């Protein structure tokens, strides 16, 4: 039942004598041992994890970033990803845009009684593959099982730690008028892939999530441009618009962006129109917003265009002194409008 083309299910399910997760799998006995040793430990094997201690003992030097996150996406397997690789990439990317190279993760599952073992196995494989792609190791974790009806199939919590690049000097306080706003790729793909699955929408081509690790390109940009990179953020919940509003709120500056510079894909734009959504408020998992000194913006763009996933990167706007606290959109038809800050629930269970 593999719905994710990125996940190769080339291993037999080791605990297939059970069709579904039971409360016994969370009881700490033989079933728990089987689930962990034949599933989690086999796929994510490394010295720290295999010690099976209550904590991983790590030797660290220098300045590190630490980030934690919880993932509650529905559906748990969607076009282009699963809740598993989403959890890995989401935490990796929070570290990446903080200027850190991710090293280690913790991984905790809350499983609902009745979750099929085949789905759990697919999610575990996607976690392994995402860790391999990102070059990170799961060194500690936990598994709990709750009664049917007390969860929603599976929740995942991750904590990540990574070493901060020596040239990183990233914070909103460094943003200045005249700085350029760069978007690394087309927005809204992740959120629309999930919403299209929920709503049963069909397109001429399969619309897949863009979930992927971002730290390699973030590290490259920091190495090349140092403190010319003022700030980076991955626009997950609330999308690009929410990141822009966070910036103007904290800096007391203004932002102007141009609709005709947004690298919006036609398929995503069409789906947003059908669903009544603004793509700038839709969640993403494989792009980032970068604020850069105007003197290096062209070079930043050139670097992004040479990245495997950055061919559509674009300078979408500027930091300005006018209309402090506001985000102004220059529309395709020549008009201007202030973009409101998101309020209430936009897209439930998206990341």
Report task. With a 10 Å radius around each residue's Cβ, average the other Cβ atoms per peptide and rank 326-333, 178-185, highest first. Result -> 178-185, 326-333
Query raised in the report: How high is the relative contact order of region 222-351, in percent, with contacts defined as C-alpha pairs under 8 Å that are six or more residues apart?
Result: 41
Query raised in the report: Given a Förster distance of 35 angstrom, what is the FRET efficiency for residue 294 paired with residue 144, based on the Cβ-Cβ distance and rounded to 0.05?
Result: 0.10
Query raised in the report: Where does the chain land at 222 nm, in deg cm²/dmol rounded to the nearest 500, when only DSSP H runs of n ≥ 4 count, each adding -39500 (n - 2.57), divided by all residues?
Result: -8500 deg cm²/dmol
Report summary line: The helix 83-96 Cα axis meets the longest alpha-carbon principal axis of the chain at an angle in degrees, between 0 and 90 and rounded to 10, of 50
Query raised in the report: Hey, what did region 23-164 get for relative contact order, percent, Cα under 8 Å, at least 6 apart?
Result: 38
Report task. Report the calculated FRET efficiency for residue 133 and residue 249 (r = Cβ-Cβ distance, R0 = 35 Å), to the nearest 0.05. Result -> 0.55
Query - Overall dimensions of region 260-336 as given by Cα atoms, namely Rg and Dmax in Å - result: 14.3, 40
Requested in this report: Measure off 7 Å from each Cα along the Cα-to-Cβ vector at residue 52 and residue 305, then give the distance between these two points in nanometres to one decimal.
Outcome: 5.5
Query raised in the report: Quick one: helix 297-306 against the long Cα principal axis of the chain, what's the angle to the nearest 10°, folded into 0 to 90?
Result: 40
Query raised in the report: Quick one: of the DSSP bridges fully inside the chain, what percent are antiparallel, nearest 5?
Result: 75
Query raised in the report: Helix 117-134 versus the longest principal axis of the chain: what angle, 0 to 90°, nearest 10, using Cα atoms?
Result: 50
**Report entry** Pairwise centroid distance, computed over Cα atoms, of region 244-277 with region 293-337, Å
**Finding:** 11
Query raised in the report: Listed highest first by mean packing, meaning other Cβ atoms within 10 Å per residue, what order do 270-276, 166-172, 88-94 come in?
Result: 88-94, 166-172, 270-276
Requested in this report: Evaluate the relative contact order of the chain (contact order divided by residue number), counting alpha-carbon pairs under 8 angstrom at least 6 apart; express in whole percent.
Outcome: 21
Report summary line: Per the Cα gyration tensor, region 23-164 corresponds to an equivalent ellipsoid with semi-axes, largest first in Å, of 25, 18, 13
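Throughout, read-outs are computed from the coordinates displayed, never taken from laboratory work. Because the structure is predicted, anything quoted here is derived from the model rather than measured. Cβ atoms come from the backbone with ideal geometry, glycine included; neighbour counts cover every protein chain shown.
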